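For reference, the structure is listed below as structure tokens.
The values are calculated or read from the model by the stated rules, or taken from the named source; none is laboratory data. Everything numeric here is computed off the predicted structure, so don't read it as measured data. In this analysis, Cβ positions are derived from the backbone assuming ideal geometry, glycine residues included, and neighbour counts consider all displayed protein chains.
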2 protein chains.
Amino acid sequence: MGKRYSETVEVPFYHCDVNGHLTLPAMLGMVIKTSEAQSDALDRGKEFVTNFGLTWVITNYEMTIKRLPEVGEQITITTEAISYNKYFCYRNFWIHDASGAECVLIESTFVLMDLVNRKMSSVLEEIIAPYESEKIKKIHRGAKILPVAAGTFLPYRVRYYDIDSNQHVNNAMYFNWLIDVLGFDFLTKHQPKEIHIKFEKEVEYGHEIESWYEVDQETLTSHHEIRIGDQIYCSANILWS
Amino acid sequence: MGKRYSETVEVPFYHCDVNGHLTLPAMLGMVIKTSEAQSDALDRGKEFVTNFGLTWVITNYEMTIKRLPEVGEQITITTEAISYNKYFCYRNFWIHDASGAECVLIESTFVLMDLVNRKMSSVLEEIIAPYESEKIKKIHRGAKILPVAAGTFLPYRVRYYDIDSNQHVNNAMYFNWLIDVLGFDFLTKHQPKEIHIKFEKEVEYGHEIESWYEVDQETLTSHHEIRIGDQIYCSANILWS
């Protein structure tokens, strides 16, 4: 068991969609802020990691959503660096409501990337030790993400405000492009229950991406790919209810 | 003098741009949340106003920006409903940093709009009284907003997440379109010092807007118009440093 860290915050109206539910990009921003606060509290903040010429990159999220938090709610975000192996660090996030009920579980995979050659680095003990997470041999394989077999797309230009103060496109932003293509009717009728997403390549400012999607109406699952030309930057499956 | 209401909040990284400055849409979201909190505290929240068949609409902002708040800062947002006349309510917002220095002043004009016929309503005493703002005769005329005489534009589709839990496109979102057109080089070299913006017509989901702009390099002023066809939805001038 790693150290846990919690923050209680209010869900502001400007983070909520037309249904009054916390949006996915906002939810991811809030949970990542909690893990950054834990890192700062353990003296393993951005500056410490940068001193090794490294930066944290998220490669996967597996989300289990019982219900999305709603406008005005007080929620508690808890994070724990669960375990790590040579290359991968596994961190969980939980969102609980004021009654203590679990609303959302997010299982994530982080890697350390070399700032110069943009290649994955092995996990350094100096960086990881204070989190007290378990060292394991096993590599977690998330659920297989089904491709967009046919499908269609909408194009999106990466905007100035899509680059955050960490100097690159926060991958929470990808959800703006993934979700928007599904349209008003679908999004006001359905709620996401499970999300599997894999970030394969970094989208950059100035790119115009294609947000490909298809919806399997029988299983109520949407398949998504962020592409530029033939290159897949991100793939995701979302199970809806 | 009207009643004042303050909230102290931290500026999260996901609300900041590549320079580490609070973005304009995020700043406006935060200040409006403070005025909503004041209204709730005075029992003049959304439900109370809706019971009269009305809703608040913002028609103008005049912003004076000494400096934009930065990532990780604790800021105090203060709001006061200053005065009102038959149709217009004038509300100020101030953002102060932890040392008490004023970073931003936002002077705003609110009107009450009939939810059914979408026409402006006169200000009701039942709604406005608890704010204790001054009743005046005068109508404030903001600085004249210069049009886009020549200029060029980029198109933007209104996205699902641009509609907030108040059921329409939050006019803070317009800043996503206004600012983005200026591009990375300009936006990383210049800071906004004064902003005059007028919201003339509501942009709706499904619209594709044109964000027109031109930059007067001598005065370092940008002129902006959000247009659909010949119709102007919003016009703004921004003075940069």
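Quick look at the numbers
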{"item": "Which listed residue is over 15 Å from the mean Cα position of the chain (by Cα), modelled with pLDDT of 95 or more and more than 18 Å from B:Glu200 (Cα to Cα), from B:Ile95, B:Ile65, B:Ile106, B:Ile75", "result": "B:Ile75"}
{"item": "Subset of the range A:94-136 that is among the small types (Gly, Ala, Ser) and touching a residue at least 60 places away in the same chain (Cβ under 8 Å) - its residue that is surrounded by the fewest Cβ atoms within 10 Å (Cβ to Cβ)", "result": "A:Ser121"}
{"item": "Which numbered condition A:Lys193 misses (of (1) surrounded by fewer than 21 Cβ atoms within 10 Å (Cβ to Cβ); (2) assigned to a strand (DSSP E or B); (3) within 14 Å of chain B (Cβ to nearest Cβ))", "result": "(3)"}
{"item": "Selection from the range A:34-47 of residues that are within 11 Å of chain B (Cβ to nearest Cβ) and either closer than 22 Å to B:Asn166 by Cβ or of a type in the set (Asp, Glu) (or both)", "result": "A:Glu36, A:Asp40"}
{"item": "Candidate set from the range B:48-62 (those that are under 17 Å from the mean Cα position of the chain (by Cα) and more than 14 Å from chain A (Cβ to nearest Cβ)); member that is farthest from B:Asp185 (Cα to Cα)", "result": "B:Val57"}
{"item": "Whichever residue in the range A:150-177 is assigned to a loop (DSSP other than H, G, I, E, B) and at the interface with chain B (Cβ under 7 Å from one of its Cβ atoms) and, among such residues, is nearest to A:His223 (Cα to Cα)", "result": "A:Asn170"}
{"item": "Output for the range B:37-49, where each listed residue is at pLDDT 95 or above and assigned to a helix (DSSP H, G or I)", "result": "B:Ala37, B:Gln38, B:Ser39, B:Asp40, B:Ala41, B:Phe48, B:Val49"}
{"item": "Condition broken by A:Ser235, with the remaining ones in (1) surrounded by 21 or more Cβ atoms within 10 Å (Cβ to Cβ); (2) touching a helix residue (DSSP H, G or I) at 6+ places or on another chain (Cβ under 8 Å); (3) more than 24 Å from B:Ile163 (Cα to Cα) satisfied", "result": "(2)"}
{"item": "Exclusive hit being more than 10 Å from chain A (Cβ to nearest Cβ), surrounded by fewer than 16 Cβ atoms within 10 Å (Cβ to Cβ) and touching a residue at least 24 places away in the same chain (Cβ under 8 Å), set B:Ile139, B:Ile209", "result": "B:Ile139"}
{"item": "Residue match in the range B:228-235 (condition: outside any strand (DSSP E or B) and not charged (D, E, K, R))", "result": "yes"}
{"item": "Residue match in the range A:56-69 (condition: in a helix (DSSP H, G or I), buried (at least 18 other Cβ atoms within 10 Å of the Cβ) and not aromatic (Phe, Trp, Tyr))", "result": "no"}
{"item": "Residue check for B:Asn176: closer than 22 Å to A:Asp164 by Cα, surrounded by 13 or more Cβ atoms within 10 Å (Cβ to Cβ) and in contact with a strand residue (DSSP E or B) (Cβ under 6 Å, 6 or more places away or on another chain)", "result": "no"}
{"item": "The range B:63-103, subset touching a Lys or Arg at 6+ places or on another chain (Cβ under 7 Å) and hydrophobic (A, V, I, L, M, F, W, C), residue farthest from A:Lys46 (Cα to Cα)", "result": "B:Ile82"}
{"item": "Matching residues, the range B:1-27, being in contact with a Phe, Trp or Tyr (Cβ under 7 Å, 6 or more places away or on another chain), surrounded by 21 or more Cβ atoms within 10 Å (Cβ to Cβ) and either modelled with pLDDT of 95 or more or not small (Gly, Ala, Ser) (or both)", "result": "B:Asp17, B:Thr23, B:Leu24, B:Pro25"}
{"item": "Failed item in (1) within 20 Å of B:Ala26 (Cα to Cα); (2) facing chain B (nearest Cβ under 9 Å), with A:Phe184 passing the rest", "result": "(1)"}
{"item": "Residues (under 17 Å from the mean Cα position of the chain (by Cα) and part of a strand (DSSP E or B)) located in the range B:127-149", "result": "none"}
{"item": "Qualifying residues in the range A:197-210 (those that are part of a strand (DSSP E or B) and within 17 Å of the chain's Cα centre (by Cα)) - the one nearest to A:Met120 (Cα to Cα)", "result": "A:Phe199"}
{"item": "Residues of the range B:6-33 classified as within 7 Å of chain A (Cβ to nearest Cβ), hydroxyl-bearing (Ser, Thr, Tyr) and not in a loop (DSSP other than H, G, I, E, B), total", "result": "1"}
{"item": "Count of the range A:142-172 residues which are of a type outside the set (A, V, I, L, M), buried (at least 18 other Cβ atoms within 10 Å of the Cβ), more than 22 Å from A:Gly183 (Cα to Cα) and touching an Asp or Glu at 6+ places or on another chain (Cβ under 9 Å)", "result": "5"}
{"item": "Meets criteria (in a strand (DSSP E or B), touching a strand residue (DSSP E or B) at 6+ places or on another chain (Cβ under 6 Å) and surrounded by fewer than 19 Cβ atoms within 10 Å (Cβ to Cβ)) for B:Ile82", "result": "yes"}
{"item": "Yes/no for B:Asn176 being in contact (Cβ under 8 Å) with a residue 24 or more places away in the chain, polar (S, T, N, Q), touching a Lys or Arg at 6+ places or on another chain (Cβ under 9 Å) and not assigned by the TED database to the domain that holds B:Leu22", "result": "yes"}
{"item": "Neighbours by Cβ (under 8 Å, 6+ apart or cross-chain): first from the range A:30-50, on the phi < 0 side of the Ramachandran plot and without any contact (Cβ under 8 Å) to a residue 12 or more places away in the chain; second small (Gly, Ala, Ser) and in a helix (DSSP H, G or I)", "result": "A:Gly45/A:Ser39"}
